[in-house]
Amino acid sequence: YFKEVIEEYVERRDLLLEELDKIEGVIVGRPHGAFYCIAQLPIADADHFAQWLLEKYDLNGETVMVAPAAGFYATEGMGKNQIRIAYVLKKERLIKAVQILKEALKTYQAL
């Protein structure tokens, strides 16, 4: 059982990293042992971006929820332009979520 679960999460991780790498300006490290990744975005304030995603953005009626990464750092100011993305969704939904994130970044940067 555990082998299958681990294999599924490795596939999800690799897919998420592959899709995020397609977005210009996004930098993401490869997590080892976690079910999430930290992605640096081409924005100044991930808190504002995450709130904007939930309150003001949708792509064909859908949006994504991300966690600003600053709260995961002990050092003040670290992670200000980073988000935490969990890869707990099925692979098809992960692809869709990254597509929404990509379009959201374009819209947000144009504001």
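The values are calculated or read from the model by the stated rules, or taken from the named source; none is laboratory data. It should be emphasised that the depicted structure is a prediction, and the values quoted were computed from it without experimental measurement. Every residue, glycine as well, gets a Cβ built from its backbone with ideal geometry; the counts of neighbours run over all protein chains shown.
Observations on the model:
- Every test in (1) modelled with pLDDT of 95 or more; (2) farther than 17 Å from residue 111 by Cβ is passed by residue 57 save one, and that test is (2).
- Per the conditions (1) under 14 Å from the mean Cα position of the chain (by Cα); (2) surrounded by 13 or more Cβ atoms within 10 Å (Cβ to Cβ), the sole criterion not satisfied by residue 30 is (2).
- The single residue among 22, 106, 56, 91 that is in contact with a helix residue (DSSP H, G or I) (Cβ under 6 Å, 6 or more places away or on another chain), surrounded by fewer than 16 Cβ atoms within 10 Å (Cβ to Cβ) and of a type in the set (D, E, K, R) turns out to be 91.
- In segment 1-27, the residues that are within 24 Å of residue 80 (Cβ to Cβ) and more than 12 Å from the chain's Cα centre (by Cα): 22, 24, 25
- For residue 95, the conditions (1) over 12 Å from the mean Cα position of the chain (by Cα); (2) in contact (Cβ under 8 Å) with a residue 12 or more places away in the chain; (3) in a helix (DSSP H, G or I) are fulfilled apart from (1).
- Which numbered condition residue 44 fails, given (1) hydrophobic (A, V, I, L, M, F, W, C); (2) under 12 Å from the mean Cα position of the chain (by Cα); (3) within 17 Å of residue 111 (Cβ to Cβ): (2)
- Test: residue in segment 40-47 that is of a type outside the set (Val, Ile, Thr), assigned to a strand (DSSP E or B), out of contact with any helix residue (DSSP H, G or I) (no Cβ under 6 Å at 6 or more places or on another chain) and modelled with pLDDT of 95 or more: yes
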